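> My structure is below; once you've seen it, I'll send some questions.
The values are calculated or read from the model by the stated rules, or taken from the named source; none is laboratory data. What you see is a predicted model, and the numbers here were worked out from it, not measured in a lab. Here the Cβ positions follow ideal geometry from the backbone for every residue, glycine too, while neighbour counts run over all protein chains shown.
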Amino acid sequence: MSADHRTDRVAPRLNRRGLLVMGGGLVAAACAPDGRAAGGDERLRSAVRGRVLLSGDEGFEQARQPWNLTVEQSVRAVVEPADADDAARLVRYARDAGHTLTVQSSGHGASDALAGAILVRTNRFDEVRVDPGARTARVGAGATWARVLTAPGAHGRTGVTGSAPQVGITGFTLGGGLSWFSRKYGWAADNVTAFEVIDADARKLRVTASSEPDLFWALRGGGGDYAMVTALELALHPVPALYGGRMAWPVDRAREVMAAFREIVAGAPEELTLWCSLSQFPNAPALISVSVTYLGDAGTGQALLAPLDRIGGRIADTRALMQLTDIGTITAEPTKPTPSLHHTALLTDLTDTVVETLLAESISPLVSVQIRHLGGALARPSDSAAGAVPEPFCLTCYGLATNPSAATEFQKRVRDYLGRLGLIPSGRTPFSFLAPGQSAADALGADTLARLRDIKRDRDPKGVFRANFPVLT
């Protein structure tokens, strides 16, 4: 796959309605003369008990908004089912009326592939119930990681959590789910023991490895194209202690920091995870930082990080023993929707070429370039659609799409980086890191994608469900 193919749709373009879009995002919106979207269906209001919003209704624009504000979600309606029975009624309505459903909770991971769909918000499905004896948690499809961390944390256990507590657990997990703890416990998807779903025939099913093996396999890392998930059952893991935080230096110490980062990850135990980031935010000095979690005591964690402690000039260091509920403070990711751009590539190595490419000049117009250390359990065989990850590193470029020229400059810089790195990027992007303009084929191998497409055709032949990144296009 060429660098051009991976990045050429980041640029501004006109959508099918002649509206200017950047990175998949709508710059100027329009609706029908009466203020309602074409095809708005008033019958939907009587089909379900939950809230229904059509274009022109108060609250519709906010309800359809994704987390990434550059993404256009030109949906025909937004529905918040009251419960699983109500969700089944919605699926039956969509099937009979020939409509398509796209399910989201927080709106993370949205794409521009939803034109004309009914957007389903699972906000009301936010129950979290912990079974300490079984070491599992039943999690509603609308729950965020903040809820999931709080309840199991009281029992000294955790799920395979993301870095931002405001992220919805279901979309994260359906896309595989790359966690701080994945080096120890694998993908979040590998830790699902059951799904509760509404299938395309509006049936409520409990999906496990024994009851629905193909669907269970597909939902663990193959996206949400096959059924509407209303709840998940997750395996929980012990947390004897959690040590973590972030260290930062001026960018002129970057080569020393990168050298120490490479030294540490070369022999890191699976309990230790490091992410190294270059940042250049507007009106702020350029920095290099290392964020870390260690599933263990502070003394051992600090000893493992000794090469970083030998570097002078550190301007920030938040490392300490911490509560699970504070894990979002490590990277302090945005807590509100933003107009962002991103591109992620798995790397086969972290060579001198990679380091010199990133440090040769300012990363501007990007605001951040992050390298995550993978390996450990992620590299081992997995019986999920997420599969094993042989690549030991993940490189993500971030930008802010405040205007069309910013998107173009982002595209140009990403293309330049990928071109100079040659064959080090493997050509794959983790599913949950896909950006607008990419497709499921950018994340999944040919055999995995073929199997997922067969399952889609078998389980949803009428196309009732459409994921953010559909396996059939």
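> Could you grab me the full set of residues in the range 204-252 that are in contact with a Lys or Arg (Cβ under 8 Å, 6 or more places away or on another chain) and either within 27 Å of Ala306 (Cα to Cα) or without any contact (Cβ under 8 Å) to a residue 24 or more places away in the chain (or both)?
Scanning the range 204-252 gives Pro238, Val239, Tyr243, Gly244, Gly245, Arg246, Met247, Ala248, Trp249.
> So, one more: Hey, can you tell me all the residues within the range 219-265 that are assigned to a strand (DSSP E or B) and either of a type in the set (Asp, Glu) or under 30 Å from Ala284 (Cβ atoms) (or both)?
If we filter the range 219-265 for residues that are assigned to a strand (DSSP E or B), which is where we start, we get 228-235, 237-238, 243-250.
Across the range 219-265, the qualifying residues are Glu233, Tyr243, Gly244, Gly245, Arg246, Met247, Ala248, Trp249, Pro250.
> Taking Arg420 as the residue in question, decide whether it is outside the structural domain of Gly171 (by TED's automatic domain parsing), in contact with a Pro (Cβ under 7 Å, 6 or more places away or on another chain) and either in a helix (DSSP H, G or I) or crowded, with 17+ Cβ neighbours inside 10 Å (or both). Steps first, answer last, please.
Numbers: outside the structural domain of Gly171 (by TED's automatic domain parsing): yes; in contact with a Pro (Cβ under 7 Å, 6 or more places away or on another chain): no; either in a helix (DSSP H, G or I) or crowded, with 17+ Cβ neighbours inside 10 Å (or both): yes.
Taking the combined requirement at face value, the residue does not satisfy it.
> Could you list, in sequence order, the residues of the range 116-163 that are of a type in the set (Gly, Ala, Ser), within 21 Å of the chain's Cα centre (by Cα) and at pLDDT below 90?
Correct list: Ala146, Gly159, Gly162, Ser163.
> Which of the residues spanning the range 130-167 are buried (at least 17 other Cβ atoms within 10 Å of the Cβ) and part of a strand (DSSP E or B)?
Those that are buried (at least 17 other Cβ atoms within 10 Å of the Cβ) and part of a strand (DSSP E or B): Val130, Thr136, Ala137, Arg138, Val139, Gly140, Thr144, Arg157, Thr158.
> Let me ask something additional. Given Gly387, Gly399, which one is surrounded by 20 or more Cβ atoms within 10 Å (Cβ to Cβ) and part of a loop (DSSP other than H, G, I, E, B)? Walk me through it before giving the result.
Working: Gly399 fails: part of a loop (DSSP other than H, G, I, E, B).
After applying the criteria, what remains is Gly387.
> Return the only residue of Ala11, Ala28 being at pLDDT below 50, at negative phi, in a loop (DSSP other than H, G, I, E, B) and touching a helix residue (DSSP H, G or I) at 6+ places or on another chain (Cβ under 9 Å).
Working: Ala28 fails: touching a helix residue (DSSP H, G or I) at 6+ places or on another chain (Cβ under 9 Å).
Going through Ala11, Ala28 in turn, the sole match is Ala11.
> I'm told Ser179 meets every condition in (1) assigned to a loop (DSSP other than H, G, I, E, B); (2) buried (at least 24 other Cβ atoms within 10 Å of the Cβ); (3) in contact (Cβ under 8 Å) with a residue 24 or more places away in the chain; (4) small (Gly, Ala, Ser) except one. Can you identify the failing condition by its number?
Single failed check for Ser179: (3).
> Filtering the range 246-287 down to residues that are β-branched (Val, Ile, Thr) and more than 17 Å from Thr351 (Cα to Cα), which residue is surrounded by the most Cβ atoms within 10 Å (Cβ to Cβ)?
First, pick out the residues of the range 246-287 that are β-branched (Val, Ile, Thr): 251, 257, 264-265, 273.
With the extra rule that they be more than 17 Å from Thr351 (Cα to Cα), the set shrinks to 251, 273.
Details: Val251: 18, Thr273: 25.
Looking at the filtered set, the residue picked out is Thr273.
A quick yes/no check of all residues on (1) within 26 Å of Ser362 (Cα to Cα); (2) at pLDDT 95 or above; (3) buried (at least 19 other Cβ atoms within 10 Å of the Cβ):
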| residue | (1), (2), (3) |
| --- | --- |
| Ser382 | no, no, yes |
| Ala406 | yes, no, yes |
| Ser426 | yes, yes, no |
| Ala440 | no, yes, yes |
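> Another question, then. When you go through Leu350, Leu341, Leu366, Leu358 one by one, which is the residue that is part of a strand (DSSP E or B) and in contact (Cβ under 8 Å) with a residue 12 or more places away in the chain?
Values: Leu350 fails: part of a strand (DSSP E or B); Leu366 fails: part of a strand (DSSP E or B); Leu358 fails: part of a strand (DSSP E or B).
When all the criteria are applied, what remains is Leu341.
> Follow-up. With the checklist (1) of a type outside the set (A, V, I, L, M); (2) part of a strand (DSSP E or B); (3) free of Cβ contacts under 8 Å to residues at least 60 places away in the same chain; (4) on the phi > 0 side of the Ramachandran plot in hand, flag the one item Asn283 doesn't pass.
(2)
> Quick one: which residue in Leu274, Leu374, Leu358 is touching a His at 6+ places or on another chain (Cβ under 9 Å) and not aromatic (Phe, Trp, Tyr)? Even if it seems obvious, please write down each step before you answer.
Details: Leu374 fails: touching a His at 6+ places or on another chain (Cβ under 9 Å); Leu358 fails: touching a His at 6+ places or on another chain (Cβ under 9 Å).
After ruling out the rest, the residue left standing is Leu274.
> Would you list the strands (runs of 3 or more DSSP E) that sit entirely within the range 52-129 and hold 2 or more residues that are within 23 Å of Gln438 (Cβ to Cβ)?
The strands (runs of 3 or more DSSP E) meeting that bar are 101-104, 118-121.
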